[in-house]
Amino acid sequence: MDFLTLFAIYVVVVLTCIILVCRYSGQQQTPFSILFNSVVKVLSPFTPKWLQRFSQWALHRLFHQRNNLFIYLHILLECAVYAEFTYEVFGFCREMETTLTSLSVPYVLLAIQTFFFYLCIKRDPGTVTKKKVAGQLLVYPYDRRLFHPGVSCPTCQLLKPARSKHCRLCNRCVNRFDHHCVWVNNCIGAQNTRYFLLYLFSVCAMAGDMAVLTVDMLLHAVLRSGLLSASYIDDYGQQQQAGPVFIVQHLFLTFPRIVFMLGFLVFLFLLLAGYALFHTYLALVNQTSNEWYKSRGYVCQHCHPTSTADHLCSPAAPDHSKRYHYSRGLLRNLGEIFFPPQPVLKKGN
């Protein structure tokens, strides 16, 4: 069970790190900063001042400013997975007479994913600017619950269009703001949500297809080795039939890198598939992540905490009656994602 325990720890640690980075990136208080500050307090009497300042700068730069670190990490992980797949799995699959067409699918998906990844990075998400703000104010009506007319951004000094939000990392307001994605170092907004959705689905398809090919290769390896009918002597001198645990341990010993790669592909697929389905749901109801998060705790503004008897809704309960204010039906909602409305330009601008 030592190998299974090691693999379980590996999966938990990597998955936890990914979730924490996605969940807390860009926030002031994070588990990373809390842990870092605690360690700094303990080590500060023994650490040079210049090293303390450098560490604080590096932490701030990593999680509270735009940087390309996670783009490089994305590319590094991708290269490592494809190198292992090409070096070992591809050759084994060819020995099993897997067709070149099937083996070429992951590389085709890689090209598609890279294309959408690039568009997510480079395309403007819908930045609110002095030149465009007049037209952007007319794109979406104010719902007067999450978004109100006449509100200005204190940083940009511009009127905030409905569904917009100021991104602290990018230092700009973005129309139809969804979230800031550290993996593409860009905001996801009105003009690039379509690319982000297609990027998510292409990554899921890529990870899923590579996982299927790898599992098929490992199953053939097990069948060829005759492990299903093998037996072994346990610690008590008893002869035991080789079961799933024994087979998995054997695969760990024989193909350690392939098994670790497979584990990474499986939990990456499950994580991103859930995330992609969530964003698909948001697209179908024409809602952003920002709006979904805000609407969960929305309290009816017409109710006064000291006078609830005159109103039908409770001031402590979320109002779901107009939760999907911008929904126009499934087809029109999807049309707005893939063909986003453009700012209305007045004559003379």
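The values are calculated or read from the model by the stated rules, or taken from the named source; none is laboratory data. Bear in mind the structure is a predicted one, so any value in this text is a computation, not a measurement. Cβ sites come from the backbone with ideal geometry, for glycine too, and all protein chains shown count toward neighbours.
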Among the candidates Leu100, Leu69, single out the residue that is free of Cβ contacts under 8 Å to residues at least 40 places away in the same chain, surrounded by fewer than 16 Cβ atoms within 10 Å (Cβ to Cβ) and over 26 Å from Thr254 (Cα atoms). Leu69
Ala111 vs (1) part of a loop (DSSP other than H, G, I, E, B); (2) within 22 Å of the chain's Cα centre (by Cα); (3) free of Cβ contacts under 8 Å to residues at least 60 places away in the same chain: all pass except (1)
Does the stretch 137-159 contain at least one residue that is in contact with a His (Cβ under 6 Å, 6 or more places away or on another chain), in a loop (DSSP other than H, G, I, E, B) and of a type in the set (A, V, I, L, M, F, W, C)? yes
For Val151, which of the numbered conditions (1) without any contact (Cβ under 8 Å) to a residue 24 or more places away in the chain; (2) under 23 Å from Phe269 (Cβ atoms); (3) of a type in the set (A, V, I, L, M) fails to hold? (2)
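Can you confirm whether Gly126 is of a type in the set (Gly, Ala, Ser), under 30 Å from Arg172 (Cβ atoms) and either at pLDDT 95 or above or in the same structural domain as Ala207 (by TED's automatic domain parsing) (or both)?
Answer is yes for this residue.
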Keeping to the stretch 169-185, report how many residues are outside any loop (DSSP other than H, G, I, E, B) and surrounded by fewer than 24 Cβ atoms within 10 Å (Cβ to Cβ). 4
Could you check the stretch 187-236 and list, in sequence order, the residues that are small (Gly, Ala, Ser), in a helix (DSSP H, G or I) and at pLDDT 90 or above? Ser202, Ala205, Ala207, Gly208, Ala211
Restricting to the stretch 255-284, what's the tally of residues that are over 29 Å from Val89 (Cα atoms) and either of a type in the set (Phe, Trp, Tyr) or surrounded by 17 or more Cβ atoms within 10 Å (Cβ to Cβ) (or both)? 5
